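The values are calculated or read from the model by the stated rules, or taken from the named source; none is laboratory data. A quick note: this is a predicted structure, and the numbers were derived from the prediction, not measured. Cβ placement follows ideal geometry from the backbone for every residue including glycine, while neighbour counts extend to all protein chains displayed.
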Amino acid sequence: MRDLFFLLFTLSVLSAYTQPKTNWNQYLGSDRNATITGTGILRSWPADGPAKLWSIPLGPGYGGASIYGDEVFVLDRKAEETDILRCIDLDTGVEKWSFAYEAKGEIPYPGSRATPTVDENYIWSVGPHGHLHCVDKNNHQSVWSYDLLAKYGGTLPNWGFSQSPIIYKDLVITAPQGDKAGVVAFNKLTGQVVWESRRLSGYRFHVSPALGNYGGVDQIIMISSCVKNDGLVSDEVVAFEAGTGKELWTYKGLNSFASISPATIVDSKRLLLTECAYNDKYDPVTVMLEIMKEGDLFEVKELFFNTGAGSKMHPPVIFDNHIYLNNTAGAKMQMTCLTFNGEEVWEKGSAPNFELGGLIMIDGLIINQNGKNGDIHLIEPTPKGYREISKASFFNSPKSQAWAPLAYSKGKLIVRDMEKMVCVELKK
């Protein structure tokens with residue numbers, strides 16, 4: 001009987017660990033890699049596309065959605081006045097509640113920038129003017145808040161703040177990239193500052209931190225970009241121990257220009273970086289690093305350095321030891337496939353130009369949104385060539401700029417452009 005009890009207990013534990021994750025509760029999903037499995041999506045779409053469940057109007061902006069349970073969260077904005085955190089029913093598209101706060105002024109390419117981070121009880125969000133709020137889901141009010149620009153100094157970037165916070169245990173971590181601190185960890189419930197990093201070497205820009213584990217150490221990895229080659233600032237990729245803020249390692253070889261795409265955690269040894277560099281012109285760059293720990297020290301080694309492909313806006317997705325990204329290499333803009341050796345395996349011009357759209361991987365298929373017209377494409381990832389399975393259109397704005405990251409949960413895909421947010425049914 002004891003053996004049977006132990007077997008049942010073991011199976012229940014294994015089942016808990018192997019159940020597919022359904023919540024897309026933060027930027028790029030629960031694992032922050034724009035990938036989810038075990039959901040059972042449609043492997044092809046009807047000629048007129050998958051079913052549109054609902055759509056709602058939004059103000060202009062680029063902030064992506066998060067999904068927790070049966071609720072969608074997105075940061076919206078009323079021009080020149082307020083930021084508005086909206087909670088929307090996933091099944092119906094009906095707004096359940098909203099939380100607004102004053103955020104005066106406006107920036108070029110106006111609107112929200114970042115994706116909220118959500119758990120069972122709270123939402124953490126950073127607005128384009130640097131306002132960090134922890135909002136209670138139950139009473140729809142702010143529990144604590146900071147003006148990151150006022151607290152950590154520096155100037156507001158031309159295009160504002162774009163920070164999607166990370167939850168690590170009892171911490172919420174973001175990167176104000178100010179004069180007084182680059183990366184900061186707050187107690188997620190009280191807002192108390194737990195640790196602050198040194199000032200980063202580059203310029204405050206739009207990349208969010210990533211969370212990885214190398215050498216058995218959980219670490220926050222941040223890219224600090226050099227906006228121009230003027231000798232006043234320099235770029236760096238730097239890692240801090242997630243729980244304490246202790247600096248672990250730095251890498252100075254990226255030469256990143258106006259970074260937006262965060263670092264991508266490949267596995268426990270490899271880290272992928274893809275940006276646009278400032279080497280005399282707007283060049284792409286994609287780098288694979290190996291992060292190894294010897295004793296108390298970390299060693300960083302370049303595994304490849306590709307200057308023919310790089311993503312300006314969104315990080316790549318990875319499938320079967322290949323890298324898929326929307327290459328923003330000037331006139332060559334197109335989707336690109338790289339090997340883990342950094343080699344481009346598709347012929348130039350063989351794939352469409354998705355502009356600055358986002359892409360995600362669901363059950364081994366890629367959904368890629370055209371950043372210019374908002375169309376979504378279902379793609380089979382293969383190094384043999386670009387293989388499009390289906391395509392659908394849900395937007396008709398003459399200046400769509402569908403640059404927001406996508407979100408997916410419970411068979412439902414959330415996409416947006418500058419005028420509305422749409423929910424599409426992808427479940428079988």
Kindly evaluate PHE73 against the criterion of being more than 26 Å from LYS410 (Cβ to Cβ) and not hydroxyl-bearing (Ser, Thr, Tyr). no
In segment 208-220, residue nearest to ALA150 (Cα to Cα) [restricted to those that are touching a Phe, Trp or Tyr at 6+ places or on another chain (Cβ under 8 Å) and either surrounded by 23 or more Cβ atoms within 10 Å (Cβ to Cβ) or of a type outside the set (A, V, I, L, M) (or both)]: SER208
Anything in segment 148-168 that is outside any helix (DSSP H, G or I) and loosely packed, with under 14 Cβ neighbours inside 10 Å? List them, or say none. THR155, ASN158
Confirm whether ILE107 is more than 16 Å from the chain's Cα centre (by Cα) and touching a residue at least 24 places away in the same chain (Cβ under 8 Å). yes
From SER311, SER400, residue being out of contact with any Leu (no Cβ under 9 Å at 6 or more places or on another chain) and assigned to a loop (DSSP other than H, G, I, E, B): SER400
Cβ-Cβ distance below 9 Å, separation of 6 or more or different chains: which pairs start in segment 268-291 with a residue that is more than 17 Å from ALA309 (Cβ to Cβ) and end on one that is modelled with pLDDT under 95? ASP280/ASN229
State yes or no: is PHE205 surrounded by 21 or more Cβ atoms within 10 Å (Cβ to Cβ), under 19 Å from THR174 (Cα atoms), modelled with pLDDT of 95 or more and of a type in the set (Phe, Trp, Tyr)? no
Within segment 78-100, identify whether any single residue is over 19 Å from the mean Cα position of the chain (by Cα), among the small types (Gly, Ala, Ser) and within 18 Å of VAL143 (Cβ to Cβ), and answer yes or no. yes
State which residue is surrounded by the fewest Cβ atoms within 10 Å (Cβ to Cβ) when the search covers only segment 366-416 and only residues that are within 15 Å of TRP45 (Cα to Cα) and among the small types (Gly, Ala, Ser). SER393
Within segment 49-108, the residues that are β-branched (Val, Ile, Thr) and at pLDDT 95 or above are ILE56, ILE67, VAL72, VAL74, THR82, ILE84, ILE88, THR92, VAL94
Of the conditions (1) more than 21 Å from THR274 (Cβ to Cβ); (2) part of a loop (DSSP other than H, G, I, E, B); (3) small (Gly, Ala, Ser); (4) at pLDDT 95 or above, SER390 fails just one. Which one is it? (2)
It is to be established whether one or more residues within segment 355-377 are outside any loop (DSSP other than H, G, I, E, B), farther than 26 Å from SER112 by Cβ and out of contact with any Ser or Thr (no Cβ under 7 Å at 6 or more places or on another chain). yes
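Table: residues versus (1) closer than 19 Å to ALA65 by Cβ; (2) of a type in the set (Ser, Thr, Tyr); (3) in contact with a Leu (Cβ under 6 Å, 6 or more places away or on another chain); (4) not in a loop (DSSP other than H, G, I, E, B).
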| residue | (1), (2), (3), (4) |
| --- | --- |
| TRP124 | yes, no, no, yes |
| PRO128 | yes, no, no, no |
| ASN138 | no, no, no, no |
| TYR146 | no, yes, yes, yes |
Unmet criterion (only one of (1) aromatic (Phe, Trp, Tyr); (2) buried (at least 20 other Cβ atoms within 10 Å of the Cβ); (3) in contact (Cβ under 8 Å) with a residue 60 or more places away in the chain) for PHE73: (3)
Going through segment 36-68 in order, the residues found to be part of a loop (DSSP other than H, G, I, E, B) and in contact with a Gly (Cβ under 8 Å, 6 or more places away or on another chain) are THR37, THR39, GLY40, GLY59, PRO60, TYR62, GLY63, GLY64
Let me confirm something: among SER393, SER350, SER397, SER409, which residue is among the small types (Gly, Ala, Ser), without any contact (Cβ under 8 Å) to a residue 40 or more places away in the chain and farther than 27 Å from VAL285 by Cα? SER397
Among the residues of segment 214-238, write down those that are at pLDDT 80 or above and either more than 17 Å from VAL183 (Cα to Cα) or aromatic (Phe, Trp, Tyr) (or both). TYR214, GLY215, GLY216, VAL217
Within segment 98-122, considering residues that are touching a Leu at 6+ places or on another chain (Cβ under 9 Å), more than 16 Å from SER30 (Cα to Cα) and aromatic (Phe, Trp, Tyr), the one surrounded by the most Cβ atoms within 10 Å (Cβ to Cβ): PHE99
Within segment 315-334, take every residue that is crowded, with 22+ Cβ neighbours inside 10 Å and modelled with pLDDT of 95 or more and give me the one that is farthest from TYR386 (Cα to Cα). PRO315
Report, by residue number, each residue of segment 76-90 that is part of a loop (DSSP other than H, G, I, E, B) and touching a residue at least 24 places away in the same chain (Cβ under 8 Å). ALA79, GLU80, LEU90
For segment 169-196, give me each residue that is within 16 Å of the chain's Cα centre (by Cα) and either part of a loop (DSSP other than H, G, I, E, B) or aromatic (Phe, Trp, Tyr) (or both). ALA175
For the subset of segment 239-267 comprising residues that are outside any loop (DSSP other than H, G, I, E, B), within 19 Å of the chain's Cα centre (by Cα) and not hydrophobic (A, V, I, L, M, F, W, C), which member is modelled with the lowest pLDDT? SER256
